[in-house]
């Protein structure tokens, strides 16, 4: 494998010294980029884009051509696993993801098994291999998966529900069944992420989009517990380097202390928590990734620079911070605003890494 | 005025001794009740229902006929104030509230003035008077308003936005203009709530539905600050009794300590915070209202009873707790589940109020 030229991301995730704070943007390969929309149109639909390695690799690389980002992230979707389990994923205009066969009964759960990543999700592994080769060691490639709880919400609701009626009744009234579902999902995520590492992913992120709709007790029992299982099951060394793992629970700011005990190297945080407070609470147990309000990108360049400075100052001196937004970039943002963020992070963070 | 027969709510909000924990349910007058849907159909549309005091009073009272709730809450909408300011509120099927004239410019903000509650919002005051008379002292009547920040989000977005692009760019790039808008809204809310008290409301609640989409700093500066202004401006004594004020910021669990210093008598909390932890953090500064996961009402009666017990046990011994859901009741819930909650609260809470 080629030598990694820019390893700031990997170093910061492990709280090792860096020259400047690394930065990448959640959904950096996405609809706000006209070149992404062109490839998406060429593919015809979103799933075809995900399932065609050449196109998925192309959109993975697009933001790197525009901005001096410190990482690439695999272009894919968190719902590839349930799709590979045979649930029949499709996307409807304006309504988001849907499954032809939702998981509602004991029989539905019993019918699920762990997909073989190279057989059933080979298109993802091909994308990882292709992107890794094309990156040629310029920056590390991040692989990812959805958390078991988050995948379960989509699978039981049959899509992106609003009040989580089905998945929460299963959790409340049939907790053992829910645990069986979450266990098979955790094992599937472990196999999937380890295959991504074998294929070339150099850091991993678990997106727990819906952990924040739970009570603290249910979060620990039905979401965090399975992310801990995943962390324990992952390949943590590959090609002679540590493979850092990031956990991100949207709206999980109240639970950072317990998340920090999960064994993950880093925690993603959204913008409703002050990153300086988060650092004080988490201490040396984990690095932090985040956390500028994504809506800040609707503001002027001057205001954005100022806010980048505020987030960096709040984190303070030393390594252990990967700059990012607190959630995925919105689709109507002007791409030029991303350039403002990336440049400001690199320029304004230098003093925090001296001495 | 008639003597109040059941004053548990008022006493618990002021942390005075009670026999059992009082309970009411956010959106208890609403779509999950068939008799509500019948009146709504008769009215033709939602705004006509709000603006017809006889019908609004009728739906206010409906849940009290079914369940031994400890409070009634005025049936109305938080957007009556911007409507009275001339923005032209209307509701679209499935898309929620919209304004014909969003607030986007300096001129738009300058054109706003504080509505006279008895003149411009007389239909609300008539509903309060009517409901208070019909309740005949059975339980107290809660009046309410939206928080200035929450009202501003709808007014600037022109409806229920998803990514808050317009309101947040105004906040980030034109903070002084945003402060002017929030100040006129705070003054309007004060006049509106004080008029509700004069008309008969015996407790007040401020709904900060969208404070939780802000950073901690922006929450303090653009939401909490104006709720503090409101608390300072309210009539706190009427008819020889204290009129308690409840502040509720959805997703505000991280900020309870600062909210507790607002001067409000009680804080509403959603289910993402453990109510026992919240009590430890807030101490004697405020009572707490909440906080069962609304989705628990999709579970079986036994599971619901168990969860009511868990929430009561977490709050623990003594007064200062008003039982509620952590958010409004979902529209597809079976009304019988509300009976389960109310009975369980009254029955299971007794031991916590002895000795």
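Read-outs throughout are calculated quantities, based only on the coordinates presented, and are distinct from any laboratory measurement. Here the structure is a predicted model, which is why all the values come from computation and not from measurement. Virtual Cβ from ideal backbone geometry, glycine too; neighbours counted across all protein chains shown.
Using DSSP, restrict attention to beta bridges with both residues in the protein assembly as shown and report what percent are antiparallel, rounded to the nearest 5.
25
Based on the alpha-carbon gyration tensor of the protein assembly as shown and its eigenvalue square roots a ≥ b ≥ c, which shape applies: rounded if a/c is under 1.5, prolate if not and a/b is larger than b/c, or oblate?
Numbers: a/c = 1.88, a/b = 1.58, b/c = 1.19.
Verdict is prolate for the protein assembly as shown.
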message: Please report the equivalent ellipsoid semi-axes of region B:17-121, computed as sqrt(5 x eigenvalue) of the Cα gyration tensor, largest first, in whole Å.
response: 31, 18, 12
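When A:193, A:61 are ordered from fewest to most other Cβ atoms inside 10 Å of their Cβ, what list results? Before the final figure, lay out each step's value.
Values: A:193 24, A:61 16.
Fewest-to-most ranking of A:193, A:61: A:61, A:193.
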statement: Inter-copy distances for residue B:351, label 7 Å out on the Cα-Cβ vector, sorted ascending, nm, one decimal, are 5.9
message: As an exercise, use a Förster radius of 30 Å and the Cβ-Cβ distance of residue A:198 and residue A:48 to find the FRET efficiency, rounded to the nearest 0.05.
response: 0.75
task: Let me know the whole percent of all Cα-Cα pairs from region A:165-276 that are separated by more than 16 Å.
output: 60
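Can you give the average number of partner chain beta-carbon atoms within 10 Å of each beta-carbon in peptide B:270-282, as a whole number? Each step should come with its number before you reach the end.
Numbers: counts 2, 6, 13, 3, 4, 1, 0, 2, 0, 0, 0, 0, 0.
The shielding value for this peptide is 2.
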statement: Expressed in nanometres to one decimal, the distance between label points 7 Å along Cα→Cβ at residue B:280 and residue A:100 is 5.1
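Using just the helices of the protein assembly as shown, give the 222 nm mean residue ellipticity in deg cm²/dmol: DSSP H runs with n ≥ 4 each add -39,500 (n - 2.57), and the total is spread over all residues, rounded to 500. Please report the intermediate quantities before stating the final value.
Details: 30 runs with 307 residues, N = 710.
The helix-only estimate for the protein assembly as shown comes to -13000 deg cm²/dmol at 222 nm.
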- request: With the Cα gyration tensor of region A:128-219 in hand, give its eigenvalues times 5 under a square root as the equivalent ellipsoid semi-axes, listed largest first in whole angstrom.
  value: 32, 13, 11
statement: Sorted shortest first, the nm distances from the residue B:122 label point (7 Å along Cα→Cβ) to its counterparts in the other copies are 7.7
query: To one decimal place, what Kirkwood hydrodynamic radius in Å is obtained for chain B from all pairs of distinct Cα atoms?
result: 20.4
task: Could you let me know the centre-to-centre spacing of region B:286-355 and region A:148-166, using Cα atoms, in angstrom?
output: 24
query: Can you tell which of A:138, A:113, A:169 shows the greatest fluctuation in a Gaussian network model of chain A with Cα springs below 10 Å?
result: A:169
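How well do other chains shield peptide B:323-334, expressed as the mean number of their Cβ atoms within 10 Å of each residue Cβ?
On the way: counts 0, 0, 0, 1, 1, 0, 0, 4, 1, 2, 2, 0.
Per residue, the number of nearby Cβ atoms from other chains is 1 on average.
Mind checking A:171-177 for the average number of partner chain beta-carbons within 10 Å of each residue's beta-carbon?
On the way: counts 5, 11, 5, 1, 1, 0, 0.
Mean partner shielding for this stretch: 3.
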query: Cα centroids of region A:1-29 and region B:54-99: how far apart, whole angstrom?
result: 51
- prompt: Can you tell me the Rg and Dmax of region A:29-184, counting just the alpha carbons, in angstroms?
  reply: 17.1, 51
- line: extent check for region B:273-332: Cα max minus min per principal axis, descending, whole Å, gives 36, 21, 16
- line: For chain B, the longest principal axis of the Cα atoms and the Cα long axis of helix B:34-43 enclose an angle in degrees, to the nearest 10, of 30
- prompt: What are the label-to-label distances in nm, one decimal and shortest first, from residue B:318 to the same spot in the other copies, with labels 7 Å along Cα to Cβ?
  reply: 3.9
statement: Under the rule rounded for a/c under 1.5, else prolate if a/b exceeds b/c, else oblate, using alpha carbon gyration tensor axes a ≥ b ≥ c, region A:68-135 is classed as oblate
query: By how many degrees, 0 to 90 and rounded to 10, does the Cα axis of helix A:175-199 deviate from the longest principal axis of chain A?
result: 50
field: Folded to 0 to 90 degrees: helix A:148-157 orientation relative to chain A principal axis, Cα
entry: 50
